[in-house]
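**Student:** Once you've had a glance at the structure underneath, I'll fire off some questions.
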Amino acid sequence: MDLRTDFIITASHDGHVKFWKKIEEGIEFVKHFRSHLGVIESIAVSSEGALFCSVGDDKAMKVFDVVNFDMINMLKLGYFPGQCEWIYCPGDAISSVAASEKSTGKI
């Protein structure tokens with residue numbers, strides 16, 4: 001859950017990503033994506049809570065706009081990814097994301 005936006009994002013082993021909104025009494029389902037054709041290896045939310053990314057064993061990275069519940073970028077990676085994480089310095093105007101190769105750990 002991202003406390004800055006009150007959104008909950010879940011990812012499942014079969015490649016599905018779901019967006020939920022925290023409401024006064026519980027949570028409300030908002031949107032569903034079949035994000036990856038296989039296993040989701042890693043997920044990460046940006047520091048300001050506006051962006052979300054996932055990487056999967058389909059050699060793809062997907063980037064989402066959290067507030068608008070929209071997939072905004074799809075990248076085909078040349079390797080099987082292991083982890084993804086947003087990287088930044090305070091005050092950066094552009095968000096960057098890094099993904100490691102599963103077998104070697106190289107970024």
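**Student:** Given the residues 46, 95, 54, which is the only one that is among the polar types (S, T, N, Q), surrounded by 15 or more Cβ atoms within 10 Å (Cβ to Cβ), closer than 18 Å to residue 107 by Cα and at pLDDT 95 or above?
**Tutor:** Of 46, 95, 54, the one residue that is among the polar types (S, T, N, Q), surrounded by 15 or more Cβ atoms within 10 Å (Cβ to Cβ), closer than 18 Å to residue 107 by Cα and at pLDDT 95 or above is 54.
**Student:** Can I ask one more? Would you pick out the residues in segment 76-90 that are at pLDDT 95 or above, hydrophobic (A, V, I, L, M, F, W, C) and not in a strand (DSSP E or B)?
**Tutor:** Those that are at pLDDT 95 or above, hydrophobic (A, V, I, L, M, F, W, C) and not in a strand (DSSP E or B): 77, 80.
**Student:** Could you grab me the full set of residues in segment 1-20 that are at pLDDT 90 or above and part of a strand (DSSP E or B)?
**Tutor:** Listed by number, the residues that qualify are 8, 9, 10, 11, 16, 17, 18, 19, 20.
**Student:** If you take the residues in segment 39-82 that are acidic (Asp, Glu) and under 11 Å from the mean Cα position of the chain (by Cα), which one is farthest from residue 20 (Cα to Cα)?
**Tutor:** Per the stated criteria, the residue is 41.
**Student:** Note down all Cβ pairs under 8 Å where the first residue falls in segment 96-107 and is under 15 Å from residue 45 (Cβ atoms) and free of Cβ contacts under 8 Å to residues at least 24 places away in the same chain, the second is of a type outside the set (Gly, Ala, Ser) and in a loop (DSSP other than H, G, I, E, B), and they're at least six residues apart or on different chains.
**Tutor:** What qualifies is 96/88; 98/107.
**Student:** State whether one or more residues within segment 45-64 are in a loop (DSSP other than H, G, I, E, B) and in contact (Cβ under 8 Å) with a residue 60 or more places away in the chain.
**Tutor:** No: segment 45-64 contains no residue that is in a loop (DSSP other than H, G, I, E, B) and in contact (Cβ under 8 Å) with a residue 60 or more places away in the chain.
**Student:** Still on this structure: Cβ contacts < 7 Å: first residue more than 17 Å from residue 51 (Cα to Cα) and in contact (Cβ under 8 Å) with a residue 40 or more places away in the chain, restricted to segment 14-35; second residue assigned to a strand (DSSP E or B) and of a type in the set (Lys, Arg), any location; separation 6+ or different chain. Result?
**Tutor:** Correct list of pairs: 15/34.
The values are calculated or read from the model by the stated rules, or taken from the named source; none is laboratory data. These numbers come from a predicted model, not from an experiment. Backbone-built Cβ (ideal geometry, glycine too); neighbour counts: all protein chains shown.
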